[in-house]
Amino acid sequence: MFQRLADELPVLIPLLAAAGSGLLRIVAILLLTYLARAVAFRVIRTAMTGRTHLDERRLKTLETLVMSVARYSIGLAAIIAILGVLGIDTTSILAGAGIIGLAVGFGAQNLVRDIITGFFLVFEDQFSVGEFVTIGGQSGLVEEMGLRVTKLRAFAGEVHVIPNSNIAVTTNHSRGDMRAMVDVSVAYEEDVERVTQILNQTLAGVKEANPSIRDGPTVLGVFSFGPSEMVFRIVARTEPMAQWALEREIRRAVKLAFDREGIEIPYPRLVQVPASATKIGREVR
């Protein structure tokens, strides 16, 4: 047995050396890929930082897109290099139109559509990183725009990953002034003019304390009648993403003012009649 191993040793040594050399080369390629990505990302960030003529959100969107292109390009180059180390002829693979056609036939059409749609989303500036949008029923802040997918961060923290080719209708909540709207219910017994005056005084204080307000808040008057209340509507124009905070502040200020002025906000009441009282009523009848 040992004699046989000794006879095979001259053949095994070159094979082991070649295998070890190939493994070292693959490790080196992976290390260079990691370093190339780090350097590319740093260069992209530096280049984008100097472009002060672009909007900050637009700049962030372009930065994520270029990084996505760099990530895919460097990864593809690493795969080709590793295949070359393994002795696979990458030239024939890249040049073979039949292989490319087969890949498209097996689902690469979706990838191509994702990439094309991604470019149109960026160049048409439909939305940018950091904006609040609704896409396909999912709402959230745009966290990343890549070549293939767009990522939304919802209020609860979930991340919605949406393929770019699935983006058909987009609602952007971060462009232009946003509207804050609050409905206030008041009992029918209250005086309309007095309620309106108190609301105007209260809203004047809210406006002074909120620099995000662009217009208003304005009391539109009695907007509707309910079963037990008059409904006053208040509207205002704010900076993007500030409308919800303003609505909460208006409700708080109105509640404090109504408590102070003794204005009733109607609410459902439950009247309990004791069984003894019911029995007495029957006896009286």
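Just one of the listed residues (Gly137, Gly118, Gly130) is without any contact (Cβ under 8 Å) to a residue 40 or more places away in the chain, out of contact with any His (no Cβ under 9 Å at 6 or more places or on another chain) and small (Gly, Ala, Ser), namely Gly137.
Conditions (1) of a type outside the set (A, V, I, L, M, F, W, C); (2) within 30 Å of Val254 (Cα to Cα), marked per residue:
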residue: Val149; (1), (2): no, no
residue: Val161; (1), (2): no, no
residue: Met178; (1), (2): no, yes
residue: Tyr188; (1), (2): yes, yes
residue: Thr196; (1), (2): yes, yes
residue: Asn210; (1), (2): yes, yes
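Of the numbered criteria (1) closer than 21 Å to Glu143 by Cα; (2) in contact with a Lys or Arg (Cβ under 7 Å, 6 or more places away or on another chain); (3) among the acidic types (Asp, Glu), the one Glu158 fails is (2).
In the set (1) within 13 Å of Met181 (Cβ to Cβ); (2) among the hydrophobic types (A, V, I, L, M, F, W, C); (3) surrounded by 13 or more Cβ atoms within 10 Å (Cβ to Cβ); (4) under 29 Å from the mean Cα position of the chain (by Cα), the condition left unmet by Val219 is number (4). Is it the case that some residue within the range 196-209 is at pLDDT 90 or above, in contact with a Pro (Cβ under 7 Å, 6 or more places away or on another chain) and under 14 Å from Ile263 (Cβ atoms)? The answer is no; no qualifying residue exists. Residues that are at negative phi and surrounded by fewer than 18 Cβ atoms within 10 Å (Cβ to Cβ) within the range 149-167 comprise Lys151, Arg153, Ala154, Phe155, Ala156, Glu158, Val159, His160, Val161, Ile162, Pro163, Asn166, listed in sequence order.
When Ala38, Ala108 are screened for being part of a helix (DSSP H, G or I) and modelled with pLDDT of 75 or more, only Ala38 passes. For the range 229-251, the set of residues classified as in a helix (DSSP H, G or I), among the basic types (Lys, Arg) and closer than 21 Å to Glu193 by Cα consists of Arg251 only.
The values are calculated or read from the model by the stated rules, or taken from the named source; none is laboratory data. Owing to the predicted nature of the structure, the values given are computational and were not obtained by experimental measurement. Here Cβ is always computed from backbone atoms with ideal geometry, including for glycine, and neighbour counts include all displayed protein chains.
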